[in-house]
Every structure is written in C-alpha cells, then in structure tokens.
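Chemist: This is the structure I want to talk about, given as structure tokens.
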Amino acid sequence: MSKPPLQAVIIPVTPLQQNATLLWCTETMRGAFTDPGGDLDRLLAVAQEKGVTIEKLLVTHGHIDHCGQTGVLARRLGVPIEGPHPDDRFWIEMNPMVGAQYGVPGAEAFEPDRWLFDGDRVTVGNLVLDVYHCPGHTPGHVVFHHAPSKLAIVGDVLFQGSVGRTDFPKGDFATLVRSITEKLWPLGNDTVFVPGHGPVSTFGRERQSNPFVGDAVL
C-alpha cells in the first residue's frame, strides 16, 4: 500500500497538557509543528525520530499553552511562524505575563511571519491545508484542515464532549457555536479532529453526542 500523503503525531506539552501536533508530508518528509507551546526538546526529539525536517510553525490561537515558546522555537530552527488571525495579537503580547501565572517558563511575545485569515491556505511540504477563522474561544482563533486526509487541527474550538471556554477576554459562546456549526460541521461527519487537549474525535460523533453543540441540543 502507498503511504498516505499526511502523517501526524500528537505530543502533549506544558503543564496544561496541550496537544502540539507534528504533521508532515510523506512525499518530502518536510513538516510543521502546530501549537508548539513548550517542551521544545521533546518536540524536536520526536521530529528527529520520525526523520522530519521542520519548515514552519503553525499557531491556532494566542493562548500561552499553545504558543508560549513558539518564538523561541522559530529562532532555534530558523523557520517562519504562520497564524493565528491578527485579532489574537493581544494574547500573544501577554505571553510573558500569562506564562508566569500558569507556570510556562520562557514564554515570549512574538510577531508571526504571516497572520492568517479565513480562506487562506498554508503549505507543508507538498500538502495544502485550508484555514478557517473560528472565533469564540479567542477572537483570532484559526483551524487547519487537510481535506484529502479528512483531518482538522482545531485548537480549543471543540473537544471530545465539550467546547472551548468563552470566559476569557473577548470570548463569546454564541460566536463559538456559530464557528463550530458554520465552519466545522460542513467539513464532514467523518473528519477526524485533533483538539487542543484530550483525545481525538470526529465531527460526526460530536454532532451526535456533544452536550454543547450536538444536533439535538441546537
């Protein structure tokens, strides 16, 4: 059997056990980390073990566990940062302060090389991922979707059996529900998603059973 075009491995990082993901193009063995918030040596060890050359860092949103040490890693590897949407700039600028509060050492503010907007695309090797702006948890949250693999990296928008918190500054529950139902559900029930914390699930499973955004609730 031929290799799938995309392979991925989840690597929980920081004391908050945030799901950083190493994804790569199997044709070129070039890859990206999504949401490399901390534990950089562990992330790099996994990339080396898999034989993947990191070419960029992708960020879903500006919360500390998702991006606190992204700037550090970008400098270390000499690679660009893409994402999130510019509405999360204020969160990124607060990285040092929030890092001290939440026990994420070495957190830094940074300026992405490319801010992302709804409808943008990012490349990883020969892969092309679609970008969806999905505010609600944070105003500048984005989701990455590789349609051929039916895989989405959704950060803290949606979880198995739950949804992202909306009690942080500029969070909004109604906006979050719209992001999920209008941006994620159309990607297909069989789409597997990697959440920012906890186990993977599918959009179809969450439509059936999620107590916040399941079809029966809405």
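Nothing in this text is a laboratory measurement; each read-out follows from the coordinates by a stated rule. Here the structure is a predicted model, which is why all the values come from computation and not from measurement. Ideal geometry is used to build each Cβ from the backbone, glycine not excepted, and the neighbour counts take in all protein chains shown.
Chemist: As an exercise, use a Förster radius of 35 Å and the Cβ-Cβ distance of Gln48 and Ala216 to find the FRET efficiency, rounded to the nearest 0.05.
Modeler: That pair, Gln48 with Ala216, gives E of 0.15.
Chemist: Please identify every one of the trypsin sites (Lys or Arg not before Pro) in region 154-197 that sits in a loop by DSSP and has no more than 15 other beta carbons within 10 Å of its own beta carbon.
Modeler: Numbers: sites: Arg165, Lys170, Arg178, Lys183; in loops: Arg165, Lys170.
When the trypsin sites (Lys or Arg not before Pro) of region 154-197 are filtered for loop state and at most 15 Cβ neighbours within 10 Å, Arg165 remain.
Chemist: Additional query: For the residue pair Phe90 and Thr181, what label-to-label distance in nm results when each label sits 7 Å from Cα along the Cα-to-beta-carbon direction?
Modeler: Result: 2.7 nm between the two label points.
Chemist: Would you compute, from DSSP H runs of 4+ residues alone, the mean residue ellipticity of the chain at 222 nm, taking -39500 (n - 2.57) per run and dividing by the full residue count, rounded to the nearest 500? Kindly include the intermediate steps, with their values, before the conclusion.
Modeler: On the way: 7 runs with 50 residues, N = 218.
Result for the chain: -6000 deg cm²/dmol, rounded to the nearest 500.
Chemist: For region 14-143, what is the relative contact order in percent, using Cα pairs closer than 8 Å and at least 6 residues apart in sequence?
Modeler: So the answer I get is 24 percent.
Chemist: Do you know the relative contact order of the chain, to the nearest whole percent, from alpha carbon pairs under 8 angstrom that are 6+ apart? List each step's numbers first, then the result.
Modeler: Details: 527 pairs, mean separation 33.1, N = 218.
About 15 percent, as a whole number.
Chemist: Ok, one more. Could you tell me whether region 86-183 comes out rounded, prolate or oblate from its Cα gyration tensor? Rule is a ≥ b ≥ c as square roots of the eigenvalues, rounded for a/c under 1.5, then prolate if a/b exceeds b/c, otherwise oblate.
Modeler: Oblate, since a/c reaches 1.5 and b/c is not below a/b.
Chemist: What residue among Leu22, Leu116, Leu44 has the largest mean-square fluctuation in a Gaussian network model of the chain, using Cα springs under 10 Å?
Modeler: Its mean-square fluctuation being the largest, the pick is Leu44.
Chemist: Say each of Met29 and Gln208 gets a label point 7 Å from the Cα, pointing the same way as Cα to Cβ; how far apart are those two points in nm?
Modeler: Result: 3.9 nm between the two label points.
Chemist: Computed FRET efficiency, Cβ-Cβ of Lys3 and Asp113, R0 45 Å: what is it to the nearest 0.05?
Modeler: 0.95
Chemist: Using Cα positions and a limit of under 20 Å, work out the lysines in reach of Lys183, with same-chain residues fewer than 8 apart set aside.
Modeler: Hits, sequence-local ones excluded: Lys150, Lys170.
Chemist: Hey, in the GNM for the chain with a 10 angstrom Cα cutoff, which one of Pro36, Pro80, Pro148 fluctuates hardest?
Modeler: Comparing Pro36, Pro80, Pro148 in a Gaussian network model of the chain, the most mobile one is Pro148.
Chemist: Restricting to the chain, what percent of DSSP beta bridges are antiparallel, rounded to 5?
Modeler: Antiparallel bridges: around 70 percent, rounded to the nearest 5.
Chemist: When the chain is modelled as a GNM with alpha-carbon springs shorter than 10 Å, which of Ala107, Ala147, Ala174 fluctuates the most?
Modeler: Maximum fluctuation in the GNM of the chain, among the listed residues, is at Ala174.
Chemist: If you don't mind, another one. Any idea what the relative contact order of region 1-63 is, in percent, if you count C-alpha pairs under 8 Å spaced at least 6 apart?
Modeler: Result for region 1-63 is 28 percent.
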